[in-house]
Amino acid sequence: MPHAVTIATPGLQALILCGPGNSFPTFTTNPDENPKALLPIANRPMVWYPLEFCYRAGITDITLVCPPSAAEAIGTALKTNPFLTSLPYPRPDLISPKDLDQNTGTAEILRLPELQSLVVSDFLVLPCDLVCELGADKLLQAWMVQSASLPDILFDGSSSSVRRSGGLGVWYQTKTATPIKGEETDFTATVSLPASSVLPPKGSLFTHLSKVVYTMPTDSLKDLVDENSGLITRQDLLRHHPRVRMLNTHRDAHLYIFPRWIMDLIRDNESLETIGEDVVGWWAKAGWQQGIPAKLKLDKILGHTDDGKDTPNKSASSSPSKSDHATKDTSPENQISSSDIPPMLAYVHPSAPPAQAAAPAPIIRRVDTAQLLLQVSLQLAKLPSLEELGGPDVQGASPYAHTRKVAYPEGVKPRTTITKTDSLVADNVTVQEKTSIKECVIGANCQINEGAKLSQCLLMDGVVVGKNCKLTKCILGKRSEIGEGCVLTDCEVQENMLVERKTEAKEEKFMSSSGLEATEEEFAAEGGSDGDNSDADE
Amino acid sequence: MAKRIPMSQAHKDVHPAVLAVGQQMATFAIKDSISRLQATLQAFRKVIESYETPKGNSLSRHFVPHVLNSQIEYLTECRPMCFSMGNAIRLLKAKVNNFDIDSSEDEVKECLLEMIDLFINERIKLAEIVIARNAAKQINDGDIILTYGRHRLVEKTFLRARENGKSFEVSIIDDPYDRGGQELAKSLREAGIRVFYSPNLGGLRHNVERATNVLLGVEAVFANGNLHAAAGTADVAIAATNRGTKVVALCETINFDRDRVSVDSLTYNEIDPEQNSAESFRLLFDTTRGQYITGVITEFESGTGNSPAQSILALLRKQEDHTIN
């Protein structure tokens with residue numbers, strides 16, 4: 001079924017960063033063989049979602065960036081996984097720069113020479129764990145109209161200093177109806193865009209666009225607040241923007257549309273480590289804070305000619321000693337003014353749907369902890385399948401709907417209960433009699449034996465669930481095996497693990513003990529409690 | 001009415017630059033005919049630059065039907081084309097067709113790019129400068145000039161006259177649905193010109209009585225001399241002519257349409273896609289009859305400075321024959 005993309009390409013290229021992340025302890029202990037990018041969400045490998053997002057936008061120039069150690073696993077998956085091979089042509093490229101390891105910061109990735117030479121136009125940056133149902137064309141339209149500058153796109157080499165394009169990022173609300181404990185949030189401050197006399201078109205995202213003036217992860221914010229016992233705000237910020245909106249419970253989706261000059265910015269500023277915190281944070285500050293544009297060398301990067309038409313605010317003398325940036329030595333005529341910096345816009349995704357919409361708001365989530373994986377998989381399992389709706393082009397069919405809820409009905413024996421409205425059963429799954437499967441997502445090639453009762457579980461590929469097991473809210477890794485009669489609640493089982501029969505456990509993580517020798521000793525010293533590590537197959 | 005199709009429904013041959021321009025036009029980020037024309041021509045420049053003739057075809061025969069037409073279709077779907085865009089595209093297509101089937105691709109491309117550059121320079125940038133200069137000469141010290149809405153030529157004229165040292169006042173009547181007059185007022189204030197602002201057509205008679213002349217910007221001029229301008233311009237022109245005040249319209253010759261004739265405001269018009277419901281809708285343009293205008297300033301006048309709208313056609317015919325060759 002692969003076919004060529006049939007819509008117009010917007011001329012942007014996409015980068016999907018497939019690093020291991022550090023919030024998935026149970027399932028990414030082997031980041032080379034089981035990279036995070038291939039973990040299944042609703043039975044599709046995680047990296048399928050950002051890829052599909054790009055194809056839906058018409059972007060055909062997609063590059064996956066991964067560490068060299070994981071390249072083989074991801075490359076094989078691209079060729080063999082049924083979901084990845086059914087994506088339209090042209091196929092994404094996979095590059096694994098040699099200096100990239102598991103701990104490289106995201107901005108450092110963009111500084112690598114392979115990526116500097118790869119990015120030649122305005123580009124999108126996506127994390128591999130983003131599930132974004134919102135149409136990319138709407139985001140691109142918002143970027144093209146509000147943030148990008150037409151002279152920059154149509155640059156014909158005649159004028160020297162042309163207003164450059166800005167960027168766009170996406171933020172979503174984490175405090176939904178069912179919040180996850182401990183989900184990371186970002187502290188972001190935005191100001192609304194200058195009101196224009198033109199009404200925004202219906203159905204566009206323009207009403208939710210605002211300009212970012214300050215952003216940092218909540219963890220860094222907490223550190224800062226602790227250090228200074230309070231939130232210190234610069235006077236420059238309030239002078240430029242008297243009305244600032246501060247968002248506390250939103251999270252950066254890490255989906256950015258960046259203009260080409262950001263690559264130069266990253267290249268020239270070695271201190272930028274991560275995109276979300278450093279690049280976007282400093283860019284936002286450059287819009288109002290005296291001295292930051294010069295510090296980031298933005299005048300050279302944006303190609304500003306120093307013909308004296310920029311008149312920076314000479315407010316350093318009148319403000320109290322907060323402005324401690326060493327820019328007083330550069331001559332004011334050559335300094336770029338803060339108001340000339342192209343803006344970094346934010347699309348703040350509303351969590352409640354607009355009143356007239358029939359369907360719930362499109363899902364935008366980053367799936368980087370196990371709990372999120374479970375919740376998003378279950379949420380996607382509730383989408384009606386295409387079979388029930390009557391075809392993929394029906395109004396209201398989500399792009400994430402599967403063709404059928406139970407992909408292989410012949411493997412399901414009679415006298416089983418499977419709640420189709422909120423479960424998803426993949427191909428080649430054998431379900432024996434007298435089982436009950438409620439609100440679960442079951443991966444390919446699994447075996448559910450007689451009498452098992454599964455509720456709100458996520459099973460990855462090849463899991464074997466023994467007879468009469470009772471599993472609630474569990475996440476079972478690839479090829480794991482649960483012995484007979486186990487009762488597990490809120491547990492996570494690593495791939496290839498065997499959980500012994502008749503284990504009863506609540507909120508435990510079954511991981512292999514390789515690399516955890518101390519734990520084993522402790523375990524032996526304590527005399528052993530039940531339910532923890534058993535045999536580990538590597 | 002602007003159909004404003006989303007990007008996902010654009011045809012796959014549409015060039016990215018054209019896509020961006022189309023989106024900006026569809027969302028009314030660029031509204032007036034000259035900005036749209038300039039953006040379109042620059043986007044077409046990109047299309048020509050990136051175009052490669054497939055084997056066995058010749059650019060002069062393949063480009064227009066297979067490449068250019070899909071771009072034009074997409075732009076029309078985003079928002080119906082303005083007359084100047086139609087004129088420019090007609091000239092471009094005529095130029096392409098004039099080439100020999102055997103001429104080399106590079107030669108044709110270079111020629112086309114040169115033509116587009118020349119076109120933009122002559123008929124947009126230069127025209128703007130000449131019109132502003134000529135109109136500014138007509139402003140005398142102590143004048144109170146009335147204008148409707150915001151038009152770039154009118155703005156440039158005022159700023160030019162200010163630079164020339166004239167002291168005058170401006171009275172702006174604004175369109176209540178599209179408050180461009182506020183931006184105009186701000187920019188004139190920054191230049192130090194005294195501005196009186198009315199938010200809508202209420203009090204039109206009073207404003208006209210105060211004014212000494214009226215300067216209007218228009219979108220296009222029809223072949224019979226009637227003006228196609230933002231809705232509300234006709235009211236201002238009629239009220240002013242009634243009182244005997246001089247009414248001058250500013251328009252580049254590229255906005256003159258030789259084929260279309262209009263006697264009412266309904267034949268050629270566009271529905272505002274935002275103010276559009278089952279019970280009522282708002283129209284964006286109206287037609288001002290030539291008898292209510294004292295003269296039109298284009299980049300072509302000679303001697304007296306104004307020409308009656310009807311004679312423009314003759315001027316155009318003389319000028320366009322020269323452009324094609």
**Request:** Return the calculated 222 nm mean residue ellipticity for chain B, to the nearest 500 deg cm²/dmol, obtained by summing -39500 (n - 2.57) across DSSP H runs with n ≥ 4 and dividing by the residue count.
**Result:** -13000 deg cm²/dmol
**Request:** For chain B, find the longest principal axis of its Cα atoms and tell me its angle to the long axis of helix B:83-98, 0 to 90°, nearest 10.
**Result:** 30 degrees
**Message:** Need one number: nm distance between label points at A:Glu507 and B:Ser311, each 7 Å from Cα along Cα→Cβ, rounded to one decimal.
**Reply:** 9.2 nm
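If you take each beta carbon of peptide B:175-183 and count the beta carbons of other chains within 10 angstrom, what is the mean? Mind dumping the intermediate values first?
Details: counts 1, 0, 3, 3, 4, 3, 1, 1, 2.
Average per residue, whole number: 2.
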**Item:** Taking only Cα atoms of region B:1-91, radius of gyration then Dmax in Å
**Value:** 12.9, 41
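How much length would be gained if the chain were fully extended between B:Glu190 and B:Asp100, taking 0.36 nm per residue of separation minus their Cα-Cα distance, in nm to one decimal?
Working: separation 90, 0.36 × 90 = 32.40 nm, distance 5.37 nm.
Between B:Glu190 and B:Asp100, full extension yields 27.0 nm more.
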**Item:** Separation in nanometres of the label points that stand 7 Å from Cα toward Cβ, at B:Asp259 and A:Glu184
**Value:** 5.9 nm
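State, as an integer percentage, the relative contact order of region B:47-118 based on alpha-carbon contacts under 8 Å between residues 6 or more apart.
Values: 31 pairs, mean separation 35.3, N = 72.
Answer for region B:47-118 is 49 percent.
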**Prompt:** How would you order A:144-152, B:273-281 from highest to lowest mean count of nearby Cβ atoms within 10 Å?
**Reply:** A:144-152, B:273-281
**Hull shadow area, averaged, region B:117-160 [alpha-carbon convex hull, nm²]** = 3.3 nm²
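What net charge do the residues around B:Leu75 carry, taking every other residue with its C-beta under 14 Å from that of B:Leu75, with Lys and Arg at +1 and Asp and Glu at -1? Walk me through the intermediate numbers first.
Values: positive: B:Lys3, B:Arg4, B:Arg36, B:Lys46, B:Arg79; negative: B:Asp13, B:Glu73, B:Glu77.
Residues near B:Leu75 contribute +2 overall.
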**Prompt:** Given q = 0.10, 0.13, 0.14 Å⁻¹, what are the Debye log10 I(q)/I(0) values for region B:9-164, with equal point scatterers placed on the Cα positions and solvent ignored?
**Reply:** -0.45, -0.69, -0.76
**Prompt:** If amide H atoms are built 1.01 Å from N in the plane of the peptide, which residues on other chains or at least 5 residues away come under 5 Å of the amide H of B:Lys246?
**Reply:** B:Val214
**Asked** Farthest toward the dipole's positive end in the protein assembly as shown, which of A:Phe123, B:Thr157, A:Asn103, given Cβ charges of +1 (Lys, Arg) and -1 (Asp, Glu) about the Cα centre?
**Response** B:Thr157
**Message:** Can you tell me which lysines have their Cα less than 25 Å from the Cα of B:Lys186? Leave out same-chain residues fewer than eight positions away.
**Reply:** A:Lys211, A:Lys309, A:Lys314, B:Lys31, B:Lys125, B:Lys137, B:Lys156, B:Lys166
**Asked** Relative to the longest principal axis of chain B, what angle (0 to 90°, nearest 10) does the C-alpha long axis of helix B:33-50 take?
**Response** 20 degrees
**Dmax and Rg, reported as Rg then Dmax, of chain B (C-alpha, Å)** = 20.8, 68
**Message:** Running a GNM on chain B with Cα contacts under 10 Å, which residue among B:Ala136, B:Ala29, B:Ala185 ends up with the highest mean-square fluctuation?
**Reply:** B:Ala29
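Quick one: compute a quarter of the convex hull surface over the Cα atoms of the protein assembly as shown and quote it in nm².
Working: hull surface 171.0 nm².
Averaged projected area of the protein assembly as shown's Cα convex hull equals 42.7 nm².
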**Complete:** So the pair-distance distribution of region A:393-454, from every Cα-Cα distance in 10 Å bins, comes to percents of 24, 54, 16, 6
**Fill in**
For B:Arg205 and B:Ile5, extending 7 Å from Cα along the Cα-Cβ vector and measuring point to point gives, in nm, a value of 5.0 nm
**Prompt:** When a footprinting reagent is the concern and you count Cβ atoms within 10 Å, what order do A:Phe83, A:Phe510 take, fewest first?
**Reply:** A:Phe83, A:Phe510
**Request:** Treating each Cα of region A:177-258 as an identical point scatterer and ignoring solvent, apply the Debye formula and state log10 I(q)/I(0) at q = 0.21 Å⁻¹.
**Result:** -1.15
**Message:** Through the Karplus equation 6.51 cos²θ - 1.76 cosθ + 1.60, θ set to phi - 60°, convert the phi angles of region A:240-255 into ³J(HN,Hα) values in whole Hz; use x for Gly and Pro.
**Reply:** 6, 10, x, 10, 10, 10, 10, 9, 9, 10, 8, 9, 6, 6, 6, 9
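Can you give the Kirkwood hydrodynamic radius for region A:148-287, in Å, rounded to one decimal and based on Cα pairs?
Values: mean 1/r = 0.0581 Å⁻¹.
Result for region A:148-287, one decimal place: 17.2 Å.
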**Request:** Place +1 on the Cβ of every Lys and Arg and -1 on the Cβ of every Asp and Glu in the protein assembly as shown, take the dipole about the Cα centre, and give the residue among B:Ala249, A:Pro90, A:Gln432 whose Cα lies farthest towards its positive end.
**Result:** B:Ala249
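What is the Å³ per residue value for the convex hull set by the Cα atoms of region B:38-104? List each step's numbers first, then the result.
Numbers: hull volume 5.5 nm³, N = 67.
Given the Cα convex hull of region B:38-104, per-residue volume reads 82 Å³.
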**Message:** Per-residue Cβ counts within 10 Å, from other chains only, averaged over A:52-59: what number is that?
**Reply:** 1
**Asked** Against the longest alpha carbon principal axis of chain B, how many degrees, from 0 to 90 and to the nearest 10, is the axis of helix B:233-243 turned?
**Response** 40 degrees
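Taken together, the values in this text are just the output of simple stated rules run on the coordinates, not laboratory data. Owing to the predicted nature of the structure, the values given are computational and were not obtained by experimental measurement. When we count neighbours, we look across all protein chains shown, and the Cβ atoms used for this are built from the backbone with ideal geometry, even at glycine.
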